[in-house]
Amino acid sequence: MKIGATPPILSILLALASPAWGVECSALGVGPVAVVELYTSEGCSSCPPADHWLSRLPPRDPGPVRVIPLALHVTYWDDLGWRDPFADPRFDARQRNAARRLGSGVVYTPQVRVNGQDFRGWRADGLDALLPSVAARPTNARLEIAGTLTPQGATLTVTGEGPPGAQVSLVRTEDGLSSVVRAGENAGRRLSHDHVAREWTLLGAVGPANRFRFQASTPGFHGTTRFVALVEDPASGAILQAARLGPCPGGA
């Protein structure tokens, strides 16, 4: 599964070897949700406090407002001498596209966005103060992500309803990642990260009947892997709905 890949008809079915075990589980995305995106880099000296903040931000699902954190590592700090092993230029592009939609070409790290909007209150732990306004907004999308998880990988189905033309994406994340940084602004530090986006796949768009169904498979599943499905408005960048799969009953 490649970040940003757009299969014409998403039915990526990888043959899995006979698994030693398999766990089936699902997650539902209904009602208010706050998707918290942190744009960060291991080459940025002001980013570790934001990384730590995101790691301490527990996913809240279920809850009055479900909170789903994502860390997106960008590449534009790599020129200072340290190549961030978790960065991808497509995350740079996502951040720049969002800045253009808001009428600005400026991108920076650490930047936090909540449901597509810039959020500077993270330094003061202001997320709780923001959630009532998130809860007050009507939601016009729902989704479910279901999967079979094995040591060889995961086979996933994403279904739901939303406005025609809205984009449906699948993100694979990992927790407990770390690096000993050898160069750049953070040289000599060991940095730790959670909720790190490792793959971001555009599955497709909601059809004219307001419904969607996509299937995807990915190898390399392990105990800290999670999956997030998103429904986004491509014009505004607003996240209309999201669901996070994992951890699952049975140990996955």
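Please treat every number below as a calculation from the coordinates, not as lab data. In this text the structure is predicted, and so the values were computed from the model without any measurement. For neighbour counting, all protein chains shown are included, and Cβ atoms are generated from backbone atoms with ideal geometry for every residue, glycine included.
A cut-off under 9 angstrom between Cβ atoms defines the neighbours of Phe86, and their net charge, with Lys, Arg +1 and Asp, Glu -1, is -3.
For the peptides 31-43, 107-119, 50-62, residues were scored by their other Cβ atoms within 10 Å and the scores averaged per peptide; the highest-first order is 31-43, 107-119, 50-62. Here the relative contact order of the chain, from alpha carbon pairs under 8 Å that lie six or more residues apart, stands at 29 percent.
Note on Arg101 and Asp79: their simple-model spin labels are 2.7 nm apart, each label 7 Å out from Cα toward Cβ. Between Ala183 and Ser236, the modelled labels are 4.4 nm apart [label points 7 Å from Cα along Cα→Cβ].
Within 12 Å, Cβ to Cβ, of Leu191, how many net charges do the neighbouring residues add up to if Lys/Arg are +1 and Asp/Glu are -1?
Working: positive: Arg182, Arg189, Arg190; negative: Glu42, Asp51, Asp84, Glu185, Asp194.
Once positives and negatives cancel, what remains is -2.
Restricting things to alpha carbons, find the Rg to Rh ratio for the chain using the Kirkwood radius for Rh. Each step should come with its number before you reach the end.
Numbers: Rg = 17.7 Å, Rh = 18.6 Å.
Ratio of gyration radius to Kirkwood radius: 0.95.
Spin-label model, Ser26 to His222: label points 7 Å out along the Cα-to-beta-carbon direction sit 3.0 nm apart.
Round to the nearest 0.05 the FRET efficiency obtained for Arg56 and Gln215 when R0 = 51 Å and r is the Cβ-Cβ distance. Walk me through the numbers on the way to the answer.
On the way: r = 34 Å, r/R0 = 0.67.
So the FRET efficiency works out to roughly 0.90.
The helix-based estimate of mean residue ellipticity at 222 nm for the chain, built from -39,500 (n - 2.57) per DSSP H run of four or more residues and divided by its residue count, is -4000 deg cm²/dmol to the nearest 500.
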